[in-house]
Amino acid sequence: MKKRADIPFSSDSSKFFIPWLSMFMVFIATLILSVAIVVHSSVQSWTDNISGSLTVQIPTYTDKGESREEKLANDIEMALTLLRSSDGITGASLLTDEQVSTLMEPWIGQSNAIIDLPLPKIIDVSVDTKNFPNIAQLKADLFEQVPEAILDSHRAALDELVLFFENTVNLIAFILILILITTAISVIYVTKSSLSVHEKVIELIHMMGASDFYITIQFAMRSFKLTLLGSLIGFILALPIMALFNYFLSQMTGSFVLESRLDILQWLILLSVPFLTSILSFLTAYRTVTKALKQTL
């Protein structure tokens with residue numbers, strides 16, 4: 001059986017404004033928070049993958065287009081020997097032409113012409129992340145042994161990319177804070193308007209012995225229920241957009257692709273948005289009514 005409220009809330013506009021407001025706010029918040037989660041998890045994945053590996057490229061042709069076939073095998077062997085004996089290196093192996101072709105497919109596509117391209121020989125190097133090698137010293141040693149070899153740690157490009165996405169996440173966090181502030185201010189405004197509409201009724205039930213807490217909790221619970229209703233609708237409306245976003249991400253290929261799949265914890269974080277918004281609405285309404293009733297005493 002539905003509990004009867006002593007205050008006739010059906011006569012004010014809060015039953016329309018709060019659900020619509022919360023629906024829009026949670027819809028936007030869910031979408032941008034999902035983007036922040038995807039970006040954060042992807043950056044973490046990139047960092048984990050790249051920080052544990054290096055690559056060494058040994059060109060197969062000179063700058064003048066002349067073949068280095070005679071020296072190539074010796075250069076590869078010297079580079080492998082140096083790398084495997086260096087501190088912080090856990091392994092080094094030469095990639096086959098088929099593996100190099102597979103790596104190039106996201107940019108060039110599947111084609112037999114890849115084999116005819118003057119691609120360098122690539123050595124995949126595994127490093128100890130707890131004892132990372134001295135890159136500057138490793139480059140110097142490699143240059144002394146094999147001057148044509150190029151050591152690529154990927155860290156410079158990754159650092160710039162990570163910085164960009166960190167700034168993106170910070171911007172998203174700022175937008176989320178603005179959404180929370182806007183929601184709180186709107187609830188304050190609506191609650192004060194509702195207090196004005198029901199001023200006579202509040203005075204009457206005060207005279208009948210109702211406590212401030214009894215009155216305040218009715219306003220707070222109504223705000224909570226209306227906000228939860230609108231928030232859940234907004235969350236549900238955001239799901240198709242997220243699914244579409246996930247589809248487009250799944251079609252992308254390359255080294256630095258955003259991970260589109262969310263784990264259980266990340267889904268729980270997203271699902272908490274409508275409930276946290278409703279709790280914020282409850283606390284804001286409670287605080288607003290409590291302060292207003294104290295001022296009238």
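The values are calculated or read from the model by the stated rules, or taken from the named source; none is laboratory data. This is a predicted model, so every value here is computed, not measured. FYI the Cβ positions are ideal-geometry reconstructions off the backbone, even for glycines, and counts take in every protein chain you see. The area values use the complete protein model at the heavy-atom level, side chains included, leaving out ligands, DNA and RNA. Shrake-Rupley method; radii C 1.70, N 1.55, O 1.52, S 1.80 Å.
Structure summary
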| item | result |
| --- | --- |
| Total residues in the stretch 91-118, condition part of a loop (DSSP other than H, G, I, E, B) and modelled with pLDDT under 75 | 5 |
| Pick from the stretch 207-223, criterion open to solvent by less than 50 Å² (accessible area, probe 1.4 Å) and assigned to a helix (DSSP H, G or I), ranking: farthest from M25 (Cα to Cα) | D212 |
| Complete set of residues in the stretch 166-201 that are of a type in the set (S, T, N, Q) and open to solvent by 90 Å² or more (accessible area, probe 1.4 Å) | N170 |
| Candidate set: the stretch 136-151, residues that are touching a Leu at 6+ places or on another chain (Cβ under 7 Å) and in contact (Cβ under 8 Å) with a residue 40 or more places away in the chain; chosen: the one surrounded by the fewest Cβ atoms within 10 Å (Cβ to Cβ) | Q145 |
| First in the stretch 190-206 and touching a residue at least 12 places away in the same chain (Cβ under 8 Å) and assigned to a helix (DSSP H, G or I), second anywhere and among the aliphatic types (A, V, I, L, M) and open to solvent by 20 Å² or more (accessible area, probe 1.4 Å), Cβ under 6 Å, 6 or more apart | L195/A292 |
| Hits in the stretch 1-22 - residues which are at pLDDT 80 or above and either of a type in the set (S, T, Y) or surrounded by fewer than 21 Cβ atoms within 10 Å (Cβ to Cβ) (or both) | F16, F17, P19, W20, S22 |
| Sole residue being closer than 22 Å to L31 by Cα and either surrounded by 15 or more Cβ atoms within 10 Å (Cβ to Cβ) or at pLDDT below 90 (or both), chosen from L226, L158, L239, L204 | L226 |
| Some residue of the stretch 23-39 being under 30 Å from I215 (Cα atoms), modelled with pLDDT of 80 or more and open to solvent by 30 Å² or more (accessible area, probe 1.4 Å) | yes |
| Index of the failed condition, Y61 passing every other in (1) surrounded by 17 or more Cβ atoms within 10 Å (Cβ to Cβ); (2) at pLDDT 70 or above | (1) |
| Any hit, the stretch 245-262, residues being modelled with pLDDT under 80, open to solvent by 20 Å² or more (accessible area, probe 1.4 Å), of a type in the set (D, E, K, R) and not in a helix (DSSP H, G or I) | yes |
